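**Q** First the structure, then my questions, so here it is.
The values are calculated or read from the model by the stated rules, or taken from the named source; none is laboratory data. Since we're looking at a predicted model, the values are computed, not measured. Ideal geometry is used to build each Cβ from the backbone, glycine not excepted, and the neighbour counts take in all protein chains shown. For the accessible areas, the whole protein counts, side chains as well, though only heavy atoms, and no ligand, DNA or RNA atoms are used. Shrake-Rupley method; radii C 1.70, N 1.55, O 1.52, S 1.80 Å.
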Amino acid sequence: MLINFVNMATESPFVEIAKKVAEKILQPPLFVKRGAALLYQMTVDNQLSSKVNIKRPSRGSSAFQTDLCIFEKKSEEVSIPRVVMEFKTNISTHDVLIYNAKARKHKQVYPYLRYGIVASCATTIPGRLFIHNESLDFCATVSGLTGKRFHSFFADLLKDEVESSRRLEAIALGSVRRSRATLYS
C-alpha cells in the first residue's frame with residue numbers, strides 16, 4: 001500500500017489511514033476507536049451522584065471528542081483509554097494551545113493517559129510545540145513516510161505510548177512504588 005500524505009488537503013483521510021494501520025498493529029485487549037469521547041471532568045451533586053455515564057461518555061456531557069483513541073478492554077463493561085492521537089496536516093500555535101488544554105483536562109480524569117499530535121504534512125516538529133506545551137506527551141510528523149516505513153513508525157509509536165500508559169497506571173494506582181521518575185520522556 002502506497003501512502004502519500006504530502007498531497008492530503010485535510011486530516012480526515014489521514015485519520016482513516018492511521019486507524020486502519022492501528023487495527024492491523026493492535027492485539028487484544030487493545031483496540032482503536034475513531035471519534036471516541038473521553039471525560040474531561042467528574043462532577044458529583046450534593047447526593048454524591050453523577051449525571052454523567054462514566055463508562056460511556058458522550059460529547060457535550062463533560063466529554064471531548066478525540067480523533068483516534070487506543071483503548072484497553074479491562075472487562076466486558078470497562079475499556080480504558082490509553083493513547084489519544086489528534087491529527088493535523090501541520091501544527092499551528094493554536095493547535096498546540098487547544099490540544100494542550102484538552103490533554104490537561106482529560107488527564108485529570110485519566111492520569112495514565114498519553115496524549116499527542118500527529119501531523120501528516122509536516123516534516124519536523126515546530127519549536128512552538130516546545131514553547132507552548134505543558135501536557136502533550138508526544139508529537140509525530142509523518143510526511144514522506146509511506147508503506148512499510150509508516151507502518152513500522154506507527155507501530156513503534158503505539159507500542160511505546162501504550163507501554164508508558166501502563167507504567168503510569170501502575171504508578172498512579174499504587175501497584176508500583178518508585179524512588180525516582182522521569183516525568184517527561
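**Q** Using the Karplus curve 6.51 cos²θ - 1.76 cosθ + 1.60 with θ = phi - 60°, what ³J(HN,Hα) values do you get for each residue of the range 96-111, in whole Hz, with x for Gly and Pro?
**A** Residue by residue, the range 96-111 yields 4, 5, 5, 6, 4, 5, 4, 4, 4, 5, 4, 6, 5, 9, 10, x Hz.
**Q** Report in % the part of the accessible area of the range 24-177 that belongs to carbon and sulfur, leaving out ligands and nucleic acids; probe 1.4 Å.
**A** 51
**Q** Can you tell me the order of 167-174, 57-64 when each peptide is scored by its average per-residue count of other Cβ atoms within 10 angstrom, highest first?
**A** Final packing ranking: 57-64, 167-174.
**Q** Taking the chain as a Gaussian network, where each spring joins two C-alpha atoms under 10 Å apart, which residue of 89, 66, 146 fluctuates the most?
**A** For the chain, modelled as a Gaussian network with Cα springs under 10 Å, the answer is 146.
**Q** Net charge near residue 157, counting Lys/Arg +1 and Asp/Glu -1 over other residues with Cβ under 12 Å of its Cβ?
**A** -3
**Q** Still on this structure, I have one more. Leaving out ligands and nucleic acids, note down the accessible area per residue over the chain with a 1.4 angstrom probe, in whole Å².
**A** Per-residue value: 57 Å².
**Q** Another one. Over the chain, calculate the relative contact order: mean separation of alpha carbon pairs under 8 Å at least 6 apart, over the residue count, as a percent. Write out the running numbers ahead of the final one.
**A** Numbers: 307 pairs, mean separation 41.3, N = 185.
Computed over the chain, the figure is 22 percent.
**Q** Which option, [x] 0.97; [y] 0.94; [z] 1.07, is the value of Rg/Rh (Cα atoms, Kirkwood Rh) that was calculated from these coordinates?
**A** After the calculation, the listed value that fits is [x].
**Q** Moving on to the next point. What does the charge add up to near residue 77, with Lys and Arg as +1, Asp and Glu as -1, over the other residues with Cβ less than 10 Å from its Cβ?
**A** Once all neighbours under 10 Å are counted, the net charge is +3.
**Q** For the range 57-166, what relative contact order do you get, as a whole percent, if you take Cα pairs closer than 8 Å and at least 6 residues apart?
**A** 25
**Q** With runs of 4+ DSSP H residues as the only contributors, calculate the mean residue ellipticity of the chain at 222 nm using -39,500 (n - 2.57) per run, divided by the residue total and rounded to the nearest 500.
**A** Numbers: 4 runs with 64 residues, N = 185.
Value at 222 nm, helices only: -11500 deg cm²/dmol.
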